[in-house]
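Presented below is the structure to which this report refers.
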Amino acid sequence: MKNSYNAAREVFAGWGVDTEAAISALATIPISMHCWQGDDVVGFEKKSGTSGGGIQATGNHPGRARNPDELRADLEFAYSKIPGKHRLNLHAFYLDTDERPDRDAIEYRHYAPWVDWAKEQGLGLDFNPTFFAHAKADDNLTLSHPDAGIRAFWIEHGQRTREIAARIGEALGSPAVNNIWVPDGYKDNPVDRMAARRRLEASLDTMLAEKHDKAHMLDAVESKLFGIGVEACTVGSHEFYMGYAIKRKTLLCLDMGHFHPTENIADKLSSVALSVDELLLHVSRPMRWDSDHVILQDDSILQMAQELVFGGLLARTHIGLDFFDATISRTAAWVIGTRNMQKALLRALLLPQEKLKRVEENLDWTSRLLLTEEARDLPFAAVWEEFCARNGVPTGLGLIADLDTYQASVAGRI
């Protein structure tokens, strides 16, 4: 393997690329892995409502985590197969407590076991309010609901998640991104979109009124195109949240599944980065709109990673994952998806960036096309294997064997 890497290093050097610099840069990029892949977005509270907002995991593959301990065990295994140090994205309904507080009564202590575990594992934590799977969300309206009492319930929930996220960030010494997504919308054509959006804006303003130290917590807002049951209108559209993020100085979350399938998220990054200080990415693969498949090294991921690297956006972008597939091993899904995100970033870091930018600036489209296509044949895999070896994680057949063995050990869960 070392001989393969040394040969690859010489090839890249001929293109003006330093593989050691690329490996070092990749080691500094944390990926926030999402807890909800491990249990099919079920959570650990007694359900009193439907999922809503188009959220649905299909399949019933053996091995779903049924409690926090099983979920943490699965996560530990997954992280052990992923090179580098990363984060966990935790939804509010994954509390770990014998109590059964409603969403407007959750407190930091209900998540303290997650913080203790994250400290032990050397992980950062991010957080999300859970505005779905609750009786008060069954109308697919929460912060924009016409009923002031329902709005107040969800505002309180959001305020508490911000407080919890700030406590988490302080405890771990790393700011927790608290991402706000609501399922609000209408199945059929509404007659007063403005009223709903004014209610959503006012609710968000109230929810975000208290200031928290950005060293501990960062607010993000996330849009959606539409979902099951809200096909005619999503109150929190991309335009709504882009304007809100600019006005209120929050992070803007771009979820790859929350746009039309022909839209290119990579193209949006440089546009919104001119107006928003920091970005949050939710990376998934929308095969048929928001279907949230495990990400591949396809063009959409490779282009997005290249835009982050070439646009100098890595320091301003928080990368999180958001897919949930219950037709395959859940731990394998985490490992495959996270490693593919890293592979895409590594490929971007290994491209002859300055050379490509120079020929484009000189309007030399022929050289740009030639360089881009010939670069596809560079020995990226050898550099990836070296990166994994330095981090003590397997590749190829060794990885496959480890994933199969672990899946067999959890297949008996019912």
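The values are calculated or read from the model by the stated rules, or taken from the named source; none is laboratory data. Remember, predicted model here, so these are calculated numbers, not experimental data. Positions of Cβ are generated from backbone atoms using ideal geometry, with glycine treated the same way; all protein chains shown enter the neighbour counts.
List of remarks:
- Counting the residues of region 286-319 that are part of a loop (DSSP other than H, G, I, E, B) and either touching a helix residue (DSSP H, G or I) at 6+ places or on another chain (Cβ under 7 Å) or without any contact (Cβ under 8 Å) to a residue 12 or more places away in the chain (or both) gives 7.
- Residue match in region 301-308 (condition: out of contact with any Cys (no Cβ under 6 Å at 6 or more places or on another chain) and surrounded by fewer than 16 Cβ atoms within 10 Å (Cβ to Cβ)): no
- Residue that is nearest to Pro83 (Cα to Cα) [pool: residues in region 386-406 that are among the β-branched types (Val, Ile, Thr) and surrounded by 12 or more Cβ atoms within 10 Å (Cβ to Cβ)]: Val393
- Test result for Asp147, touching a residue at least 24 places away in the same chain (Cβ under 8 Å), surrounded by fewer than 20 Cβ atoms within 10 Å (Cβ to Cβ) and either under 24 Å from the mean Cα position of the chain (by Cα) or over 12 Å from Ala92 (Cα atoms) (or both): no
- Selected residue (criterion: surrounded by the fewest Cβ atoms within 10 Å (Cβ to Cβ)) from residues of region 249-280 that are assigned to a loop (DSSP other than H, G, I, E, B) and aliphatic (A, V, I, L, M): Leu274
- Evaluation of Ile295 against the conditions (1) farther than 22 Å from Thr130 by Cα; (2) more than 14 Å from the chain's Cα centre (by Cα) shows that the sole unmet condition is (2).
- Any chance Ala326 is touching a helix residue (DSSP H, G or I) at 6+ places or on another chain (Cβ under 8 Å), touching a residue at least 24 places away in the same chain (Cβ under 8 Å), small (Gly, Ala, Ser) and surrounded by 16 or more Cβ atoms within 10 Å (Cβ to Cβ): no
- The set of residues in region 373-385 that are surrounded by 12 or more Cβ atoms within 10 Å (Cβ to Cβ), over 26 Å from the mean Cα position of the chain (by Cα) and part of a helix (DSSP H, G or I) comprises Ala375, Ala382.
- Of all the listed residues (Leu356, Leu370), the sole one being loosely packed, with under 13 Cβ neighbours inside 10 Å, part of a helix (DSSP H, G or I) and at pLDDT 95 or above is Leu370.
- Scope region 180-221; condition more than 18 Å from Arg151 (Cα to Cα) and touching a residue at least 40 places away in the same chain (Cβ under 8 Å); matching residues: Lys187, Asp188, Asn189, Pro190, His212, Asp213, Ala215, His216, Met217, Leu218, Asp219, Ala220
- Any hit, region 60-78, residues being out of contact with any helix residue (DSSP H, G or I) (no Cβ under 9 Å at 6 or more places or on another chain) and closer than 26 Å to Met287 by Cα: yes
- Meets criteria (basic (Lys, Arg) and more than 30 Å from Gly38 (Cβ to Cβ)) for Arg339: no
- Matching option when the condition is within 20 Å of the chain's Cα centre (by Cα) and either of a type outside the set (Val, Ile, Thr) or assigned to a loop (DSSP other than H, G, I, E, B) (or both), among Ala152, Ala112, Ala118: Ala118
- Filtering region 324-341 to residues that are modelled with pLDDT under 95 and closer than 22 Å to Pro83 by Cβ leaves nothing.
- Filter pass, Val276 being under 19 Å from Leu346 (Cα atoms) and of a type outside the set (Ser, Thr, Tyr): no
- Every residue from region 158-176 that is in contact with a helix residue (DSSP H, G or I) (Cβ under 8 Å, 6 or more places away or on another chain) and surrounded by fewer than 24 Cβ atoms within 10 Å (Cβ to Cβ): Gln159, Arg160, Arg162, Glu163, Arg167, Ala171, Leu172, Pro175
- Answer from Arg87, Arg66, Arg103 - the residue that is in contact with a Pro (Cβ under 6 Å, 6 or more places away or on another chain) and basic (Lys, Arg): Arg87
- For Arg248, the stated conditions hold: it is basic (Lys, Arg) and at pLDDT 95 or above.
- Residue match in region 121-143 (condition: under 19 Å from the mean Cα position of the chain (by Cα), hydroxyl-bearing (Ser, Thr, Tyr), surrounded by 21 or more Cβ atoms within 10 Å (Cβ to Cβ) and modelled with pLDDT of 95 or more): yes
- Scanning region 205-248 for residues that are more than 21 Å from Arg193 (Cβ to Cβ) and assigned to a loop (DSSP other than H, G, I, E, B) returns Leu208, Ala209, Glu210, Lys211, His212, Asp213, Lys214, Ala215, His216.
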